[in-house]
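The values are calculated or read from the model by the stated rules, or taken from the named source; none is laboratory data. All values reported here derive from a predicted model rather than from experimental measurement. Here the Cβ positions follow ideal geometry from the backbone for every residue, glycine too, while neighbour counts run over all protein chains shown. To get the accessible areas, we keep the full protein, side chains included, count just its heavy atoms, and leave off ligands, DNA and RNA. Shrake-Rupley method; radii C 1.70, N 1.55, O 1.52, S 1.80 Å.
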Amino acid sequence: MEQRIGSSSQPLEGAGFDPAFIPGLTSPASAEKTGEDGPEKEPEVADAVDVEDTGEAEDAGKAEEAEESEQAAPESEEDAVPDGPVFEASDRRARIVADHRGVRLVLDDQECEFRWDEIGAVETETARFGKRYTITVHTPDRRWYPIEIEAPARSRFTEWDSELDAVLDAYFEEDAG
């Protein structure tokens, strides 16, 4: 979902990169060989625990976590359902949700989330032919994240536009960036 601006080529190794490089005689110096990172640390070894003790400790830990999550749930702002508008559109591969928290894009197993203060602009585009609805989220650092949703019918485009406009009017502030 992310687009990179600039060259995608990797720097070359060899005489053009390192004037002291002579093929076959010297190898490129690496941080591991020169020890620039400092002394190597040995991996930490976990203490041995009796099998009987782990079962009781896990049960007690799970009970404490459950009590904490029940107490924290009503206080959490993200879990509370807002009274404001929510836009949601999806097809078999892609999904977009825009609500009080920001905009979330999902494509297959990839997803990204933008808070409202991270968004520079939101652009929509409909295909002249076909049923593709494209939403592009632009960030202030000149990156853009497009997602295409296949609509069940072209008549949904106007409905989606009005729902998204209501969410943008409620939560997006143009002068924030």
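Structural remarks
Residue-by-condition table, conditions (1) on the phi < 0 side of the Ramachandran plot; (2) in contact with an Asp or Glu (Cβ under 9 Å, 6 or more places away or on another chain):
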site	(1), (2)
135	yes, yes
142	no, no
153	yes, no
165	yes, no
173	yes, yes
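- Residue 142 being of a type in the set (Lys, Arg), outside any strand (DSSP E or B) and closer than 21 Å to residue 3 by Cα: yes
- Scanning the range 106-131 for residues that are over 18 Å from residue 165 (Cβ atoms), open to solvent by less than 90 Å² (accessible area, probe 1.4 Å) and either touching a residue at least 60 places away in the same chain (Cβ under 8 Å) or over 17 Å from the mean Cα position of the chain (by Cα) (or both) returns 107, 112, 127, 130, 131.
- Within the range 106-139, restricting attention to residues that are of a type in the set (Asp, Glu) and part of a strand (DSSP E or B), the residue that is farthest from residue 3 (Cα to Cα) is 125.
- Number of residues in the range 155-172 that are closer than 17 Å to residue 132 by Cα and exposed (fewer than 14 other Cβ atoms within 10 Å of the Cβ): the value is 4.
- Of the residues making up the range 74-94, those that are more than 23 Å from residue 109 (Cα to Cα) and modelled with pLDDT of 85 or more are 84, 85.
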